[in-house]
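Colleague: Structure below; questions to follow.
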Amino acid sequence: MLLMLAAVSLPVLGKGRQEPSGEERSADTVSINGKSPANTGAPSFPDPGGPGLSIESAVEAALEHSTELELERLNLQKSAAAVKEARAASGPSLSLQTSGSVLSNPQEGFKISKGAFGYAPTIQSTTPVALPDSDYVLIEDAEHTFFRITATLTQPLFTWGKLQKAVSIAGIDFDVAVEQFSATERSVEKQVRLAYYGLLFAEKTESILSEAETIAGLILEDKEEAFDGGIITRQEVLEAASNKAALSAQLARTLEAGSTARLSLLLLTGIDMKEIQLTDDFRREEPDFNESDLLTDAFGASAMRGELFRRVEQAEELLAIESASRPLRPDLSLNLTVDVTGQKIPLVHTNWTESWDTNVILTVGTLTNLFDSGASESKIEQARTSLETARQGLHGFETQLELHVRSCVETVKTSWAEMVQAEAELMLAEEMARNAAVSYENELITRAELQGARLARLAAELSCLRALYVYQTALIELETLT
């Protein structure tokens, strides 16, 4: 928005109309690494009063205040927990199962009743003796209740590396979360720097446009006076009024853009910008870097490249897991089961312990897939395709990243050259405005010509300011990339 504003402002201020102007403004010279022609009259403004905010302080506050980073922190915690979960799968697990049942028709027991085998005479008595002489209970009747408690300890022994690969995949997901956190940090810092310089650009543009609007008002007054005297036509008056209205509209857009930039900084940093003044100015240092080193730095700093590289590793691990899941590759595990069963309710029935039994079962077993109609081979093929896709994605991104670095370098260098050109043009415009003032004092030019020179100086100042802002955005983009 601010770039468009400056672009729209330039044609109006750059027409060089010979109109009256307000007070002339001086501009301090700017030094960029002490090199010519950069030592020119770039826009300079007095230090504002009130609490100050540097760009580094704004970045630091935004990193602490950012909800995006807080979400990434939560994602990191989630990924770390997933790694612990994957590691736990390789260790022992203990499960407990309990049940209680009520039988409507429990199994009857078995007993031999008294006299079941008849009676036999005895020598001692004339009364025959029952055989057997009393009831014998061989199997008691089952109780109406049945209870079972089963505890099972399971320990995987050999899984063809699948569990280790699962841990590796979870670790890769954690690494990806770290890359995403780093990328979010860079994004927040970039947003803060753009908002900071955007607000600075809006404030300085507002100052220039306010003076230009004052000049346009004086021009309009002179035109109206000349029209009343019959010197010019009404069309020239209307043109002056149109120019003033255009400047007023541009000033209004600048004020709104400044308000938006302040709100952006407030939302990013949590700092109320109403009474805060920006202490840092635009950077004017000449770009000095090695493009090969920048490309190396970009490859190392790119969170997206790091994530894609991790995805390649993850695809390799997934392929290994699917390969280990082929038929005739049994998994070996150890189970230890303690099974406790009983019929009588403990502590309620007498002799309840007699109905309870305990068994300990130690099992070493395997689980294997004998035949799956080619499903495992299809999964392996999918994993191979996913791996190749990840590799191609990484290669494609590296190619695009190299082109992006080249484009950013081009933008930085061309914007630097345009900034130097704009500063040189501003020097010329300021000199022409000073000469015009001297000529006007000696009655060598008209008042309209004087105003036109001052207006041209403002146009050059606005053009220089815009070039400075474009250079800042280009530097921010390159620094974020590397």
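Colleague: How big is the Rg/Rh ratio for the chain, C-alpha atoms only, Rh by Kirkwood, two decimals?
Modeller: Result for the chain is an Rg/Rh of 1.41.
Colleague: Using a ≥ b ≥ c from the Cα gyration tensor of the stretch 260-304 (square roots of the eigenvalues), is it rounded, prolate or oblate, where a/c under 1.5 gives rounded and otherwise the larger of a/b and b/c decides, a/b for prolate?
Modeller: oblate
Colleague: Which listed residue (LEU200, VAL188, SER210) has the Cα farthest towards the positive end of the charge dipole for the stretch 172-212, taking +1 on Lys and Arg C-beta and -1 on Asp and Glu C-beta about the Cα centre?
Modeller: SER210
Colleague: About its Cα centre, what dipole magnitude does the stretch 246-300 give when the only charges are +1 on Lys and Arg Cβ and -1 on Asp and Glu Cβ, stated in debye to the nearest 20?
Modeller: With Lys and Arg at +1 and Asp and Glu at -1, about 520 debye.
Colleague: Could I ask something else about it? Apply 1/(1 + (r/R0)^6) to the Cβ-Cβ distance of LEU334 and LEU71, taking R0 = 45 Å, and write down the FRET efficiency to the nearest 0.05.
Modeller: The formula returns an efficiency of 0.60 here.
Colleague: Give the average over all directions of the projected area of the C-alpha convex hull of the stretch 331-482, one decimal, in nm².
Modeller: That works out to 25.6 nm², a quarter of the Cα hull's surface.
Colleague: Provide the gained length on full extension for the span ASP293 to LEU370, in nm with one decimal, where the gain is 0.36 nm per separating residue minus the Cα-Cα distance.
Modeller: Taking ASP293 through LEU370 to full extension adds about 22.2 nm, to one decimal.
Colleague: Quick check: the angle from helix 55-65's long axis to the longest principal axis of the chain, C-alpha only, nearest 10 degrees?
Modeller: Rounded to the nearest ten degrees, it is 30.
Colleague: Same structure, new question: In cubic angstrom, how much convex hull volume per residue do the alpha carbon atoms of the stretch 241-388 span?
Modeller: Here the figure is 475 Å³ per residue.
Colleague: If R0 is 60 Å, what FRET efficiency do you get for ARG148 and GLU64 from their C-beta distance, rounded to 0.05?
Modeller: That gives a FRET efficiency of 0.55.
Colleague: Can you tell me the length gained on complete extension of the stretch ALA120 to THR233, counting 0.36 nm per residue apart and subtracting the Cα distance?
Modeller: 25.2 nm
Colleague: Note the full-extension length gain between SER93 and THR358 as 0.36 nm times their separation in residues minus their Cα-Cα distance, in nm to one decimal.
Modeller: 93.3 nm
Colleague: Neighbouring Cβ atoms within 10 Å as the yardstick, rank PHE201, PHE158, PHE227 fewest first.
Modeller: Sorted ascending by nearby Cβ count, the order is PHE158, PHE227, PHE201.
Colleague: How far apart, in nm, are the 7 Å Cα→Cβ label points at VAL348 and LEU131?
Modeller: Here the modelled spin labels are 4.4 nm apart.
Colleague: For ILE232, enumerate residues with amide H under 5 Å from its amide H, sequence gap 5+ or separate chain, H modeled in the peptide plane.
Modeller: So ILE232 has HN proximity to PHE227.
Colleague: Continuing with this model, one more query. Just need the relative contact order of the chain here, percent rounded to a whole number, with Cα pairs under 8 Å and 6+ apart. Spell out each step's value before the answer.
Modeller: On the way: 721 pairs, mean separation 133.4, N = 482.
Dividing the mean separation by the residue count of the chain yields 28 percent.
Colleague: Under the classification rounded if a/c is under 1.5, otherwise prolate if a/b is larger than b/c and oblate if not, where does the stretch 340-424 fall, given a ≥ b ≥ c as square roots of the Cα gyration tensor eigenvalues?
Modeller: Taking the square roots of the gyration eigenvalues as a ≥ b ≥ c, the stretch 340-424 is oblate.
Colleague: State the volume of the convex hull built on the alpha-carbon positions of the stretch 304-390, expressed per residue in Å³ and rounded to an integer.
Modeller: So the per-residue hull volume is 172 Å³.
Colleague: Quick one: if you take sqrt(5λ) for each eigenvalue of the C-alpha gyration tensor of the stretch 221-277, what semi-axes come out, biggest first, whole angstrom?
Modeller: 43, 10, 4
Colleague: Further, regarding this structure: Among LEU401, ASN359, SER373, whose Cα projects farthest towards the positive end of the dipole of the chain, with charges put on the beta-carbon of Lys, Arg (+1) and Asp, Glu (-1)?
Modeller: ASN359
Colleague: Still on this structure: To the nearest 10 degrees, how steeply does helix 447-481 sit against the main Cα axis of the chain, on a 0 to 90 scale?
Modeller: For 447-481 against the chain, the angle is about 20 degrees.
Colleague: Can I ask one more? Any idea what angle helix 303-324 forms with the longest principal axis of the chain, computed on alpha-carbon atoms, 0 to 90 degrees, nearest 10?
Modeller: With both axes taken from Cα atoms, the answer is about 20 degrees.
Colleague: Taking the Cα centre of the chain as origin, work out the dipole magnitude from +1 charges on Lys and Arg Cβ and -1 charges on Asp and Glu Cβ, in debye rounded to 20.
Modeller: Dipole about the Cα centre, nearest 20: 1760 debye.
Colleague: In the stretch 378-442, which chymotrypsin sites (Phe, Trp or Tyr not before Pro) are in a loop and have at most 13 other Cβ atoms within 10 Å, using DSSP for the loop call? Please list the in-between numbers first.
Modeller: On the way: sites: PHE397, TRP416, TYR440; in loops: none.
In loop regions of the stretch 378-442 (DSSP not H, G, I, E or B), there are no sparsely surrounded chymotrypsin sites (Phe, Trp or Tyr not before Pro).
Colleague: Which FRET efficiency value, to the nearest 0.05, is calculated for THR341 and LYS84 with the Förster distance at 35 angstrom and r the Cβ-Cβ distance?
Modeller: With a Förster radius of 35 Å, E is 0.45.
Colleague: Quick one: what are the phi-derived ³J(HN,Hα) couplings along the stretch 276-285, Karplus 6.51/-1.76/1.60 with θ = phi - 60°, whole Hz, x for glycine and proline?
Modeller: Along the stretch 276-285, the couplings run 8, 10, 7, 9, 8, 9, 5, 7, 10, 5 Hz.
Colleague: Do the sum for the chain: with -39,500 (n - 2.57) for every DSSP H run of n ≥ 4, divided by all residues, what is the mean residue ellipticity at 222 nm, to the nearest 500 deg cm²/dmol?
Modeller: Value at 222 nm, helices only, nearest 500: -21500 deg cm²/dmol.
Colleague: Over 22 Å between Cα atoms: which of LYS244/LYS274; LYS204/LYS274; LYS78/LYS165; LYS204/LYS244; LYS78/LYS190 fall into that group?
Modeller: Details: LYS244/LYS274 29 Å; LYS204/LYS274 17 Å; LYS78/LYS165 19 Å; LYS204/LYS244 19 Å; LYS78/LYS190 26 Å.
The answer is LYS244/LYS274; LYS78/LYS190.
Colleague: Which residues make up the longest stretch of the chain clear of GluC sites (Glu not before Pro) that lie in a DSSP loop with no more than 16 other Cβ atoms within 10 Å, not counting the sites?
Modeller: Excluding the exposed sites themselves, the longest stretch runs over 286-442.
The numbers here are math on the coordinates, done by the rules we state, and not lab data. No experiment lies behind these values; they were computed from the predicted model shown. Glycine gets a Cβ as well: all are built from the backbone with ideal geometry, and neighbour counts include every protein chain shown.
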